[in-house]
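*Asks:* My questions all concern the structure below.
The values are calculated or read from the model by the stated rules, or taken from the named source; none is laboratory data. Here the structure is a predicted model, which is why all the values come from computation and not from measurement. Note that we place each Cβ from the backbone using ideal geometry, even for glycine, and neighbour counts take in every protein chain shown.
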Amino acid sequence: MNPHIRIKRYDAPAGGWGSVQSLVRKGLEARTRLTTLDALAHQNKTKGFACVSCAWSKPAKPNPAEFCENGAKATFWELTSKTATPEFFAAHTVAELRTWDDYQLENVGRLTHPMRYDHLLDIYEPVSWDVAFAEIGRELKAIAADDPKKVIFYASGRASLETSYMYQLLARVYGNNNLPDSSNMCHETTSVALPEVIGQTVGSVRLSDFDHSDAIFFFGHNPGSNSPRMLHQLQEAAKRGCSIVTFNPLKERGLERFTNPQSPVEMVTRSETTISHRYYQVRAGGDIAAITGMCKSLFEREAATGDVLDHAFITEHCHGMDDFRSFCEAQTWADLERESGLTQADLEEAAGIYARAKAVMGIYGMGLTQHKGGVTSVQTLVNLLLMRGNIGRPGAGICPVRGHSNVQGQRTVGISEKPELVPLDKLAALYDFEPPREEGLTTVDACREIIDGNIRAFLGLGGNFLRAVPETALMEEAWPRMRLTVQVATKLNRGQLFNGHVAYLLPCIGRIEVDIQAGGPQVVTMEDSTSCIHTSKGRAHPISKHLLSEPKIVAEIAKAALAGNANVPWDEWVADYGKVRDAIEATYPEIFKNFNNRLWTPGGFEKPLAAANREWKTDTGRANFKVPQMLGASFDSGKDPDVLRLMTLRSNDQFNTTVYGYSDRFRGIEGTRMVVLLNAADIRRFGLIEGQNATLQTATSDNIPRSISGLRVVAYDIPEGCVGAYYPECNVLVPLDQYAEGSKVPAAKSVPVRLMADSAVSLQAAE
Ligand SMILES: Nc1nc2c(c(=O)[nH]1)N[C@H]1C(S)=C(S)[C@@H](COP(=O)(O)OP(=O)(O)OC[C@H]3O[C@@H](n4cnc5c(=O)[nH]c(N)nc54)[C@H](O)[C@@H]3O)O[C@H]1N2
Ligand SMILES: Nc1nc2c(c(=O)[nH]1)N[C@H]1C(S)=C(S)[C@@H](COP(=O)(O)OP(=O)(O)OC[C@H]3O[C@@H](n4cnc5c(=O)[nH]c(N)nc54)[C@H](O)[C@@H]3O)O[C@H]1N2
Ligand SMILES: [Mo]
C-alpha cells in the first residue's frame, strides 16, 4: 500500500493557512521562474494579465493581491522552469508516455519546440515551423478537395478573443462550422437553456450585484476549488447578512467556511466566516425536484396570503406561469422527496428563505449542467427567480459560473457549431466568401463521427480533447485512424499521445508571457463570467525562443491551408492584434463599440445584457416560465437499488485534465486520485470495507464494456445511492450517448454505475 495515501477529515476552513502552505509547496514543486512573484502581483490587474485559471470576474478595484490559491497554482505551473525538450522526447517513446498518468505528463514542463510524430520510431521529433505549416496546409488542402466537413476545429476556452475570432474564420473559410468548444462539455447547457427563457445565452448578473443580494441560492458549483476568488464576494455577502442557501450532494468546504488568506487579521485570529446559512445535500440529479418543491411551497403560500409572487413583474414581463403552477401543484410531495432526496420540511424551509428575501441570485455550475435534465434544471431555477421578479434588478439574477477564463468570450466572437448564433452575412460581406450554413459538430457529435471513422483531421487550439470527452476507451482506439492531428499546446498531455498518420505538436506562448510581434508588444482580451471584457498583458519571458503566439500559429495554418483568402489580412492582424479587435468590432458593433479605446476600463467594459434591463429577446418577447419535462435529471430511473449515480468531480489540485498533484485538501484525500467516495451504508450494503479496492462498471444495456478498477473505497458524507470519483480518470465510464437533452453536454454528474470489490471482478474473469 502506498504510504503517502491519507484519508482524513479536513477541519480547517477554505482559504486560511492551509491555502498558504499549499501555495508555498506548489511554488517549490513547480520550480517556477524568477518572474513568478512579479507576475502574481500583476494578476487580474487592469494593466496586468488575466489569470489563466477560471473565468470569475475581476473587480474594478482589485485587492493588492487579486489572486487565489488555485489561480496562483495555475500561474506557478505555467511559469515553471521545467521543459519538455526535444531531448526529452528523444528519450521516451510515445507508447511509454502513454503509461504515465496526467500528473507525470504535466510535470514534464513546458513544450519548447514544434514537434512532428515519427510513426516508425514512435517518438516526437523536432521540426521547423516552415515544414510544419507547409505539411499541415498540404494535408488540409487535400482533405478540402474531397470534403471540408471532415475536419474538426476544436477550441478549449482559454485562447483570447483575438485568437478565437481568427480561428473561427479559419474554419469557416475552410468550409465548415465544426467548431466544438470545451463549452460543449460544460456550460453549453446554459447557452441553450437561457435564450428560451430570458433571451440571452449568458447570465444576467454583474459583480456589483453581490453587494445587493439578500439571498443567494447556490447549486452544483464548488467555488472553494474552482472559482476561489468568488469566496471574497460570498464572504462579504454573508457578513452583510445575506442568506446563502446551498444545494450540493457533498459538503464542499468553500461553501461551508472561509478564512480570507489575504486578511492579516483573519489569519492571525484564525477567524472564519460561515458561508452557507443552510446546506441541503440534494441527491445527484435531484435539483429539478428540489426547486419544484420550493416553487410548489411558494404557490401554496401565495394561495394563502396573496403576497408571495411579484404580480406586477409577472403581468408585465412574464409568460407561461399558470402552466408552471399547474405542474407544481400536480407533483406529490412523496415524488419530490424521493427524487430530490430532501424532505418536504427542508424544501419548505428553503422556500421560506427565498420568500423573505428582497433580491435573490441563483448561482450554478456543473452540478446542474452535466445531467440528462441539465437544460430543464437551469430553466427550473429561472422559474424560481421569475416568481418574485428576481431577474433584472440590483442584487438579483441568474449567474452561471463559467469554467475556462475565456470560454464565454470564445462563443461571443463566433466559435460555435451553431451557425444561427454567428453573423455569417457579416462575415461574408467583410471577407467576401460564402460561409458554410450547415450546423457543425458538437463535441459529442465530433466524438461519434471520429469513432465511426468519418473524420480525416482534428485541430486542437489548446485543451486535451481526448482526455476530457466521454467514452475515452473507444475514442483512443479510433483516434489514430485520422489522417491529420494537430495540437496547439503549452504542455504535454495524454491527448497528444494518440496520433493521426500525420501528427504535429505545436508549442505556443502562454498568456503570462510577453508576446512581441512586428507592431511591438501585444495585449489580448477575454470575457469573464459576468460579461466584462478586459485585457491581458504578458510579463514573463517566453520559456523558449522557438514558441509562436496563438494568433501567429492560426494565421500561418490559414495561409497554408486556404486556397483563396486574399481578403483576410492574416499578416497585418498578427503584426498588430489591435487590427483583429477592429475586425471584431466591425463584426459585432453593438458589443465591441470602440473596442480599442475601451480596453483598459478597470474591471473590464460591460457587454450589454438585455435581460439585466428586463428586455427579453425571446419568442414571446417576455421572460418564459418553462414547464419541466422531467422531475429526475439523471439517466437511471432510480428504481434499481444496485445502480448508483456517479458524479465525476474535480479535486482541489487540478485544472480540468491538468493534474497539479494528489491533494484534495478540503475533502481530506491525500496521495491518490484513485478513490470512490461512498455513503457508509452503501459500503456495508455492497459488502465492502473502507480502504479496499473496488471497481465501477457503467450500467447500460448497449453491450459496451466500461469499467475502472483499483478505486479505493472511502466512506464519505454523500447521499445514499450517490458515488463520487475523479474526472478525468473516470471518463472511461461516461457513455457517449448520455448527454443533456437539448445541449449535448455529456451527463458526467450522474453516470449509472454498478459497484463491486476488485476481487469479485477477478473471480468473474476467472469463471
Ligand atoms: N482550480 C480549478 N478551477 C477550475 C477548474 C478546475 O478544474 N480546477 N475547472 C474550470 C472549469 S472548465 C469549470 S467548468 C468550472 C467547474 O467548476 P464546478 O462547476 O464547481 O464543477 P465540478 O467541480 O465538476 O463540480 C460541481 C459541484 O457540483 C456538485 N454536484 C454534482 N452533482 C450535483 C447535482 O446533481 N446537483 C447539485 N446541486 N450539485 C451537484 C459537486 O458535488 C461539486 O461540488 O471550474 C473552473 N475552474
Ligand atoms: N467526466 C467529466 N468530464 C469532463 C468534465 C467533468 O466534470 N467530468 N468537465 C468538462 C469541462 S467543464 C471542460 S471545460 C472540459 C475541459 O476540456 P479541455 O479544455 O479540452 O481540457 P483542459 O484540461 O482544460 O486542457 C488542458 C491543456 O490545455 C493546454 N493549454 C493550457 N494553456 C494553454 C494555452 O494558453 N494555449 C494553448 N494552446 N494550450 C494551452 C495544455 O497543453 C493542457 O494540457 O472537460 C470536460 N470533461
Ligand atoms: Mo468547463
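*Asks:* Taking the stated definitions as given, is Gly603 within 16 Å of ligand 1 (Cβ to nearest atom) and either at pLDDT below 95 or not assigned by TED's automatic domain parsing to the domain that holds Val753 (or both)?
*Replies:* Considered against the rule, which asks whether it is within 16 Å of ligand 1 (Cβ to nearest atom) and either at pLDDT below 95 or not assigned by TED's automatic domain parsing to the domain that holds Val753 (or both), Gly603 comes out as no.
*Asks:* Quick check: is even one residue across the stretch 325-333 out of contact with any Ser or Thr (no Cβ under 6 Å at 6 or more places or on another chain), closer than 26 Å to Leu250 by Cα and part of a helix (DSSP H, G or I)?
*Replies:* For the stretch 325-333, residues out of contact with any Ser or Thr (no Cβ under 6 Å at 6 or more places or on another chain), closer than 26 Å to Leu250 by Cα and part of a helix (DSSP H, G or I): present.
*Asks:* Let me ask something else about it. Residue check, Ala303 against (1) crowded, with 17+ Cβ neighbours inside 10 Å; (2) farther than 24 Å from Gly392 by Cα; (3) more than 24 Å from the chain's Cα centre (by Cα); (4) free of Cβ contacts under 8 Å to residues at least 60 places away in the same chain, all met but one. Which one?
*Replies:* Evaluating Ala303 over (1) crowded, with 17+ Cβ neighbours inside 10 Å; (2) farther than 24 Å from Gly392 by Cα; (3) more than 24 Å from the chain's Cα centre (by Cα); (4) free of Cβ contacts under 8 Å to residues at least 60 places away in the same chain leaves (1) as the failure.
*Asks:* Quick one: which residue in Leu430, Leu386, Leu336 is buried (at least 23 other Cβ atoms within 10 Å of the Cβ), in a helix (DSSP H, G or I) and more than 16 Å from ligand 1 (Cβ to nearest atom)?
*Replies:* Selected residue: Leu386, the only one of Leu430, Leu386, Leu336 that is buried (at least 23 other Cβ atoms within 10 Å of the Cβ), in a helix (DSSP H, G or I) and more than 16 Å from ligand 1 (Cβ to nearest atom).
*Asks:* Do any residues in the stretch 569-590 that are free of Cβ contacts under 8 Å to residues at least 12 places away in the same chain have Cβ atoms under 7 Å from those of residues that are crowded, with 23+ Cβ neighbours inside 10 Å and part of a helix (DSSP H, G or I), where the two are at least six apart or on different chains, and which pairs are they?
*Replies:* Taking only residues 6 or more apart or on different chains, the pairs are Lys579/Trp573; Glu585/Phe592.
*Asks:* Now for a different question. Filter the stretch 655-677 down to residues that are at pLDDT 95 or above and within 12 Å of ligand 2 (Cβ to nearest atom), then give me how many there are.
*Replies:* 5
*Asks:* Shifting gears a bit: For the stretch 258-323, list the helices (runs of 4 or more DSSP H) that sit wholly inside it and hold at least 1 residues that are touching a helix residue (DSSP H, G or I) at 6+ places or on another chain (Cβ under 6 Å), within 16 Å of ligand 3 (Cβ to nearest atom) and in the same structural domain as Val197 (by TED's automatic domain parsing); which are they?
*Replies:* Filter on the stretch 258-323 gives an empty set.
*Asks:* Still on this structure, I have one more. Out of the residues in the stretch 648-670 that are more than 23 Å from Arg31 (Cβ to Cβ) and part of a loop (DSSP other than H, G, I, E, B), which is farthest from ligand 1 (Cβ to nearest atom)?
*Replies:* Gly668
*Asks:* If you don't mind, there's one more thing I want to ask. Take the conditions over 25 Å from Glu302 (Cα atoms), of a type outside the set (A, V, I, L, M), in a loop (DSSP other than H, G, I, E, B) and without any contact (Cβ under 8 Å) to a residue 60 or more places away in the chain and apply them to Gly414. Does it pass? Break it down stepwise before answering.
*Replies:* Values: over 25 Å from Glu302 (Cα atoms): yes; of a type outside the set (A, V, I, L, M): yes; in a loop (DSSP other than H, G, I, E, B): yes; without any contact (Cβ under 8 Å) to a residue 60 or more places away in the chain: no.
Answer is no for this residue.
*Asks:* Now a separate question. Given the conditions (1) more than 25 Å from Gly632 (Cα to Cα); (2) within 16 Å of ligand 1 (Cβ to nearest atom); (3) surrounded by 24 or more Cβ atoms within 10 Å (Cβ to Cβ), and given that Arg645 satisfies all but one, which numbered condition is not satisfied?
*Replies:* Of everything listed in (1) more than 25 Å from Gly632 (Cα to Cα); (2) within 16 Å of ligand 1 (Cβ to nearest atom); (3) surrounded by 24 or more Cβ atoms within 10 Å (Cβ to Cβ), Arg645 misses just condition (1).
Conditions tested, residue by residue: (1) away from ligand 3 (no atom under 16 Å from the Cβ); (2) more than 23 Å from the chain's Cα centre (by Cα); (3) assigned by TED's automatic domain parsing to the domain that holds Tyr716.
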site	(1), (2), (3)
Gly27	yes, yes, no
Thr36	yes, yes, no
Gln43	yes, no, no
Ala55	no, no, no
Pro59	yes, no, no
Asn63	yes, yes, no
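*Asks:* Could you say whether any residue in the stretch 50-61 is at pLDDT 90 or above, part of a helix (DSSP H, G or I) and crowded, with 18+ Cβ neighbours inside 10 Å?
*Replies:* Within the stretch 50-61, none of the residues are at pLDDT 90 or above, part of a helix (DSSP H, G or I) and crowded, with 18+ Cβ neighbours inside 10 Å.
*Asks:* Quick one: which of Asn499, Asn567 is over 23 Å from Gln43 (Cα atoms) and touching a strand residue (DSSP E or B) at 6+ places or on another chain (Cβ under 6 Å)?
*Replies:* Only one candidate passes the filter, namely Asn499.
*Asks:* Here's something else I'd like to know. Going by the conditions given, is Thr490 within 16 Å of ligand 2 (Cβ to nearest atom) and either over 22 Å from Glu135 (Cα atoms) or surrounded by fewer than 21 Cβ atoms within 10 Å (Cβ to Cβ) (or both)?
*Replies:* no
*Asks:* Which condition number in (1) in a helix (DSSP H, G or I); (2) touching a helix residue (DSSP H, G or I) at 6+ places or on another chain (Cβ under 8 Å) is the one that Leu342 fails?
*Replies:* Checking Leu342 against (1) in a helix (DSSP H, G or I); (2) touching a helix residue (DSSP H, G or I) at 6+ places or on another chain (Cβ under 8 Å), the one that fails is (1).
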